[in-house]
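Chemist: If you scroll down you'll find the structure; I have some questions about it.
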Amino acid sequence: MISQLTWELFGQGALMQPYVAVLALLGLVTAVIAAVYALSFAFAPPGTIGSGPFLSGRPPQEHAVSRYHVRWYVVTMVFLAFDMEMVFMYPWALVVASVGTKAVVEMFAFLGLLLAGVVYAWREGAFRWA
């Protein structure tokens, strides 16, 4: 009975071998992860290690979740706008020759919208540091 069941599961070869290989690999990965955790637990120094940030060995001046000045949010938004500009301009540069004038007009419209956002941020004083 057992030999017949073994033949049905593993004797057919082509149907079951990929699943056995995947299961064996998952078992090996699980064993390696468990071994790393066991070694870490066995060789860890006793006591609690400080929970603060590293900061080159010095204690931090302020809490890690302290509030930032509001101007950093505006600078971040302007940075993301220019970052997205580059994300759109690289593929555009590849297809501009094949698409033609329409692609150039669309890109200048996009750049005009970005320029309007920068002018607005500049007018509101987002780039003043004093």
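Chemist: With θ set to phi - 60°, apply the Karplus curve 6.51 cos²θ - 1.76 cosθ + 1.60 along the range 75-84 and write out the HN-Hα couplings as whole Hz, x wherever there is a Gly or Pro.
Modeler: The phi angles translate into 4, 5, 5, 5, 4, 5, 4, 6, 5, 5 Hz.
Chemist: I'd like the trypsin sites (Lys or Arg not before Pro) in the range 81-130 restricted to DSSP loop residues with at most 12 other Cβ atoms within 10 Å, sorted by number.
Modeler: ARG128
Chemist: Next question. If you stretched the chain out fully between ARG128 and ALA42, how much longer would it get, using 0.36 nm times the residue separation minus the C-alpha to C-alpha distance?
Modeler: So the extension gain works out to 25.5 nm.
Chemist: I'd like to check one number: the per residue accessible area of the range 73-123, probe 1.4 Å, reported in Å² as a whole number.
Modeler: I get 78 Å² per residue for the range 73-123.
Chemist: Turning to a different aspect of this structure: Using 0.36 nm per residue, how much length does the chain from MET86 to ALA35 gain when fully extended, once their Cα-Cα distance is taken away?
Modeler: 13.9 nm
Chemist: If you don't mind, there's one more thing I want to ask. Any chance you could run the full-extension gain for LEU94 through PHE108? It's 0.36 nm times the residue separation minus the Cα-Cα distance, nm to one decimal.
Modeler: 3.4 nm
Chemist: I would also like to ask the following. Within the range 73-123, what whole-number % of the accessible surface is contributed by carbon and sulfur, with the 1.4 Å probe and all protein chains included in the calculation?
Modeler: Exposed carbon and sulfur together represent 79 percent of the surface.
The values are calculated or read from the model by the stated rules, or taken from the named source; none is laboratory data. Being a predicted model, the structure only gives us computed values, none of them experimental. Virtual Cβ from ideal backbone geometry, glycine too; neighbours counted across all protein chains shown. For accessibility, only protein heavy atoms count, side chains too; no ligands or nucleic acids. Shrake-Rupley method; radii C 1.70, N 1.55, O 1.52, S 1.80 Å.
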